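Heads up, the thing below is written out as structure tokens.
The values are calculated or read from the model by the stated rules, or taken from the named source; none is laboratory data. Keep in mind it's a predicted model, so treat the numbers as computed, not measured. Don't worry about glycine lacking a Cβ; one is built from the backbone with ideal geometry, like all the others, and counts go over all protein chains shown. Quick note on the areas: whole protein, heavy atoms, side chains included, nothing else; ligands and nucleic acids left out. Shrake-Rupley method; radii C 1.70, N 1.55, O 1.52, S 1.80 Å.
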Amino acid sequence: MSNRTLAVKLEIQTLSDAVATLVYRLIPISPGSYERFGDKNRMTPGLRKMWLAPAGKGRSLDLIAQDIKAYEQFSFLEEDFVIGAIIDFTESHDSAKSLETYLRTRLAQQQQERTAIERKLSKVDVDSEDIQCFVDHALAILPKPELQKEAQDFIKSPSLYFGPLLDVESCKEDLFDLPDAQQIKVVESILIATQNRPAYPMRSKPRKAKVTALTKAQSRKKSTPKKPVSKYVDPEEAPIYYLKNRETQKLEIHSSKLQWQKLDVQQQTFIKRHCLFSRPKGAWISKATYDRATYLKSQLKQYGIPEAAPVGERTSYEERFDLKRERAENRSDRYAAKASKTRVEADRSVTNAVEMLRVIPMGQPILYDHYSAKGHRRLLQKSDDAMRRGVEGEKKANYYDQRSSAAQDTADASQLKDKGYLMRRIKENQKTINTYQKKWKPGTFETRDRYLDAVEKLAFYQRKLDELESSGVRIASKAVLKKAGATMVKDRFGWNEIVRINEKTVTVKTGYSWNAQMPYDKIIDWRPKAEEKFPEKKPTKTPRKTKISRLKKAVKKKPATPKLAMNSNGEYVAVVPKKKSTAKAKAGRKASATVKKIKAVKVVRTAKRKAVVPKKPTKAAELKKQREKAGRELKKGLSPVGVIKIGRVINQTYRSPGAQLRDNPVTHKKVLAPTEENLQKWINRPGKYDLVGVDTGSQKVTIRKKKEGTLDKPTKQFLKKK
């Protein structure tokens with residue numbers, strides 16, 4: 001018999017049984033997860049072969065620990081403890097022989113326990129099947145710990161007991177009609193039978209079939225009596241279904257363990273992605289509310305899972321909100337306690353790691369071939385493991401701190417102090433209410449949960465907004481802005497000028513060719529537009545008196561009053577200056593000249609102000625001018641030596657270094673003699689022609705100036721050939 005067959009027969013009672021059954025038979029461990037949580041130096045070939053999956057496959061140890069903690073007997077254990085137990089068990093059973101020994105030993109022990117229970121049950125007059133049936137019905141209405149407690153209370157005083165055990169439905173006969181001594185034995189047998197039973201309750205009692213006229217007629221025509229149908233429903237065979245919990249507004253998926261295992265792996269993965277498992281309820285709870293989990297409901301219908309009637313009584317939104325804050329507060333305290341505890345353990349591990357190495361002198365190496373080498377290595381390994389545990393514990397404590405702070409933020413409900421958040425929630429719920437009132441007829445939607453939630457949320461957020469406004473926070477609206485005469489509003493980007501005040505928004509200027517709409521929930525403050533007064537610019541220097549200002553003063557100057565003198569008759573008469581007419585003419589000419597000068601200066605200043613700055617000539621224009629200038633100089637008459645000089649100057653000055661580098665060493669175009677006409681051609685299109693002595697590639701053709709107007713012999717021969 002193989003080890004996997006033995007693991008299938010093993011019942012999960014201890015943590016080692018869970019590891020041997022789940023990990024070995026169903027869920028192999030991923031190598032990367034084992035190296036992260038365990039010690040990779042202790043991974044033997046047998047351990048890799050038996051417990052670990054191939055590279056890139058398998059499940060992480062923390063997920064396997066969560067699966068093990070799903071059992072009630074392991075739910076109180078810490079996840080780190082379960083991971084450590086898995087690592088220890090795999091390291092101690094890294095061979096097929098050791099694992100087979102453990103499995104056979106545990107199977108023998110479990111068989112002995114069953115035999116002992118059957119012997120105890122055989123001493124009671126009641127059939128053991130009745131007791132097992134009674135336990136099944138009791139577990140359907142009571143949790144396992146409470147059932148055991150009630151049984152112990154009954155054994156202490158059976159005559160004074162009036163607990164829930166008396167209400168449990170019996171299968172064949174009433175167990176409490178027996179004598180007291182026999183009842184005690186029956187309850188003791190129930191207590192014994194409960195010990196090895198799982199804690200899952202029976203999901204629902206079988207419904208009674210509706211009695212119709214057809215069924216009555218069929219019952220009258222019975223020819224052969226049928227066997228009585230038992231009311232007992234095996235929890236393993238309980239159907240899988242989903243329903244709506246009106247108290248929490250969530251979707252719940254109820255199923256037995258057997259029905260859950262019948263689902264495909266893909267279906268199980270889908271449900272785990274959209275739901276969380278609740279141990280107290282024994283069901284999968286959706287992450288979203290029932291109304292929003294439309295995709296989850298459609299997939300469940302495709303899987304063939306039926307929907308049951310909703311359960312629970314509906315609670316108000318404010319009660320759910322307070323419950324959410326209370327749970328967040330408890331969660332924050334729980335994570336804070338975990339963080340402090342983990343940090344203390346991490347500090348202790350680091351301290352132990354340092355203290356372990358105090359016995360080794362500073363710089364002491366491992367003495368090979370010495371009896372102390374093995375202990376030295378083991379001490380270093382222990383110190384390293386302790387230090388690693390300390391570092392990992394510090395990381396975990398920081399994680400718990402983050403979770404605690406996040407839960408505390410939820411518990412504080414800081415969003416209720418944000419007027420923008422409250423105004424947006426009010427707008428959203430008002431929209432939902434308007435949608436229901438427009439699309440549904442009156443009397444068809446008043447009892448719907450979503451409509452009632454919207455009404456309750458609207459009242460709740462409106463009350464919180466009124467409280468915030470009464471505390472002194474300014475809330476913007478159309479009436480408030482018009483009453484205040486606001487012309488400027490402020491958002492988180494700054495002040496904006498109002499163009500128009502609308503019912504739901506405010507139209508503001510953007511500084512561009514269009515306007516923008518600003519909702520009231522984004523307005524922080526408002527005020528009337530302030531009258532802007534620009535200060536007058538004071539001149540930095542006193543203006544200099546120009547000639548024009550002096551001329552203006554000369555024009556505005558009044559004529560001098562005439563002088564008076566007494567004549568021979570004793571009368572005062574005005575002294576007439578000589579050449580009076582000449583002076584007047586000069587004054588008139590001077591005044592007209594002054595006016596002309598003033599007008600001329602004004603014209604000059606206006607022309608300067610309106611003058612257009614000429615554009616700088618481009619490089620192509622400059623080259624064109626230079627070529628035209630060179631062409632004009634050719635008309636004067638140049639010798640071949642002069643042509644070559646001008647060509648070299650133009651080549652070096654007005655051609656780029658890259659063009660010279662590509663063109664000068666090679667002769668690959670038409671070669672022109674150094675004449676005036678050819679120079680004109682070369683200047684216009686230097687890329688098409690080569691000029692002798694300027695950009696020809698031939699080294700034999702050289703220009704040596706002997707006398708002005710003469711050429712050397714090679715040049716003359718070249719010209720003759722051309």
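The table below lists the values:
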| read-out | value |
| --- | --- |
| Segment Val666-Arg325, extension gain: residue separation times 0.36 nm, minus the distance between their alpha carbons | 113.8 nm |
| Above-threshold pairs, the threshold being 24 Å between Cα atoms, out of Lys69/Lys396; Lys464/Lys522; Lys156/Lys281; Lys625/Lys681; Lys483/Lys509; Lys301/Lys457 | Lys156/Lys281; Lys301/Lys457 |
| Quotient of C-alpha Rg and 2.2 N^0.38 Å, computed over segment 377-494 | 1.90 |
| Residue-span extension gain [Gln152 to Lys431] - 0.36 nm each, minus C-alpha spacing | 94.6 nm |
| Accessible area, probe 1.4 Å, largest first, for residues Leu276, Leu367, Leu379 | Leu276, Leu367, Leu379 |
| Computed label-point distance, nm, for sites Thr289 and Asp412 using a 7 Å Cα→Cβ extension | 2.6 |
| Accessible-area value, Lys629, 1.4 Å probe, nucleic acids and ligands omitted, Å² | 110 |
| Met50 - accessible surface, heavy atoms, 1.4 Å probe, Å² rounded to 10 | 30 |
| Sequence of Leu416, Leu323 when ordered by accessible area, the most exposed leading, probe 1.4 angstrom | Leu323, Leu416 |
| Largest-first ordering by accessible area, 1.4 Å probe, given options Lys244, Lys478, Lys272 | Lys272, Lys478, Lys244 |
| Karplus-derived HN-Hα couplings along segment 474-489 (A = 6.51, B = -1.76, C = 1.60, θ = phi - 60°), whole Hz, x at Gly and Pro | 7, 10, 8, 7, 5, 5, 5, 5, 5, 5, 7, x, 6, 10, 9, 10 |
| Accessible area of Arg59 in the full protein assembly, 1.4 Å probe (Å², nearest 10) | 80 |
| 5 Å binning of all Cα-Cα separations within segment 42-103, expressed as whole percents from 0 upward | 4, 17, 23, 22, 21, 12, 2 |
| Label point distance in nm, Glu307-Asp264, each placed 7 Å from Cα along Cα→Cβ | 2.3 |
| Under Karplus coefficients 6.51, -1.76 and 1.60, residue-wise ³J(HN,Hα) of segment 134-142 in Hz, glycine/proline x | 4, 5, 4, 5, 5, 5, 6, 10, 10 |
| Viscosity 1.567 mPa s, 4 °C: Kirkwood-radius Stokes-Einstein D of segment 406-450 over Cα pairs, µm²/s | 101 |
| Residue-wise HN-Hα coupling along segment 302-310, computed from phi with Karplus coefficients 6.51, -1.76, 1.60 (Hz; x: Gly, Pro) | 5, 6, x, 8, x, 9, 9, 5, x |
| Cβ-Cβ FRET estimate between Ala620 and Ile475, R0 fixed at 56 Å, reported to 0.05 | 0.25 |
| For segment 350-434, diffusion coefficient by Stokes-Einstein and Kirkwood Rh (Cα), 10 °C, 1.306 mPa s, µm²/s | 88 |
